[in-house]
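Engineer: Once you've had a glance at the structure underneath, I'll fire off some questions.
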Amino acid sequence: RKEVEQDPGPFNVPEGATVAFNCTYSNSASQSFFWYRQDCRKEPKLLMSVYSSGNEDGRFTAQLNRASQYISLLIRDSKLSDSATYLCVVRGGATNKLIFGTGTLLAVQP
Amino acid sequence: EAQVTQNPRYLITVTGKKLTVTCSQNMNHEYMSWYRQDPGLGLRQIYYSMNVEVTDKGDVPEGYKVSRKEKRNFPLILESPSPNQTSLYFCASSFVGRNTEAFFGQGTRLTVV
């Protein structure tokens, strides 16, 4: 079983749609959680950290359920510019190591 | 500008010819790491360094070496590259801590023929 699992997609949605991505992680001792965005052939960039209480940044909402070891990302009012791969990332342990899911591809259609 | 700089961006080489990919960061980060990204496998950690002169293996270290003589630099060395090391490589740096953001270099696309 992979340490961080995501649905690879692709998710093809029209502009203006709401789309949700899910992610599960296997290590219950994981300490920090993030969503990164990666455009085609470019470096990953932090989209948002995920906190236990849930957090929102504009059209983006992230949720964490520690009991179920589950992380989600909700994107409202999708824009063409949201088209990218979204990486679920977990950090834990003494090594500060980041563990990446394989990513979910989002394609927003005009 | 805060950044992580990798060089070269693209490299085609032949099997067995030693090469070095450089990585430098200007944010005074203690933690640096190298990843490779392959289709269907995501980003996998090759080596990491918690500070100067402190390096350790990640998940896929075979065929790679690193060094951390200075805080800002973390080169990746392939002593004898093989075709299965053809991949997209990323260097990343961050402060050590739970919620710190990792910054990535622009990537090095390596092809070994």
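Engineer: Take the residues of the stretch A:74-89 that are under 10 Å from the mean Cα position of the chain (by Cα) and β-branched (Val, Ile, Thr): which is surrounded by the most Cβ atoms within 10 Å (Cβ to Cβ)? Don't jump to the end; show me each part of the working.
Structural biologist: So the first thing to find is which residues in the stretch A:74-89 are under 10 Å from the mean Cα position of the chain (by Cα), and the list is A:74, A:85-89.
Checking the rest, the ones that are also β-branched (Val, Ile, Thr) come to A:85, A:89.
Working: A:Thr85: 22, A:Val89: 25.
That would be A:Val89.
Engineer: Out of the stretch B:88-113, which residues are exposed (fewer than 15 other Cβ atoms within 10 Å of the Cβ), within 7 Å of chain A (Cβ to nearest Cβ) and touching a residue at least 60 places away in the same chain (Cβ under 8 Å)?
Structural biologist: B:Val96, the sole residue that qualifies.
Engineer: In the stretch A:26-48, what count of residues is obtained for those that are more than 11 Å from chain B (Cβ to nearest Cβ), under 12 Å from the mean Cα position of the chain (by Cα) and of a type outside the set (A, V, I, L, M, F, W, C)?
Structural biologist: 1
Engineer: Continuing with this model, one more query. Name the strands (runs of 3 or more DSSP E) wholly inside the stretch A:30-73 in which the number of residues that are buried (at least 18 other Cβ atoms within 10 Å of the Cβ) is 2 or more.
Structural biologist: Working: elements: A:32-38, A:45-50, A:55-57, A:60-65.
Hits in the stretch A:30-73: A:32-38, A:45-50, A:60-65.
Engineer: If you take the residues in the stretch B:33-87 that are touching an Asp or Glu at 6+ places or on another chain (Cβ under 9 Å) and of a type in the set (Phe, Trp, Tyr), which one is surrounded by the fewest Cβ atoms within 10 Å (Cβ to Cβ)?
Structural biologist: Among them, the one singled out is B:Tyr64.
Engineer: Now for a separate question. I'm checking my understanding of the structure. Among residues of the stretch B:8-32 that are away from every other protein chain (no Cβ under 14 Å) and polar (S, T, N, Q), which one is surrounded by the most Cβ atoms within 10 Å (Cβ to Cβ)?
Structural biologist: Only one residue fits best here, namely B:Ser24.
Engineer: Name every residue in the stretch A:85-110 that is part of a strand (DSSP E or B) and within 14 Å of another protein chain (Cβ to nearest Cβ), in order of residue number. Walk me through how you get there before you give the answer.
Structural biologist: In the first step, residues of the stretch A:85-110 are kept if they are part of a strand (DSSP E or B); the result is A:85-91, A:98-100, A:104-109.
Those that are part of a strand (DSSP E or B) and within 14 Å of another protein chain (Cβ to nearest Cβ): A:Thr85, A:Tyr86, A:Leu87, A:Cys88, A:Val89, A:Val90, A:Arg91, A:Leu98, A:Ile99, A:Phe100, A:Thr104, A:Leu105.
Laboratory data are not the source of any read-out in this text; all were calculated from the coordinates shown. Remember, it's a predicted structure, so these values are computed and weren't measured experimentally. Every residue, glycine as well, gets a Cβ built from its backbone with ideal geometry; the counts of neighbours run over all protein chains shown.
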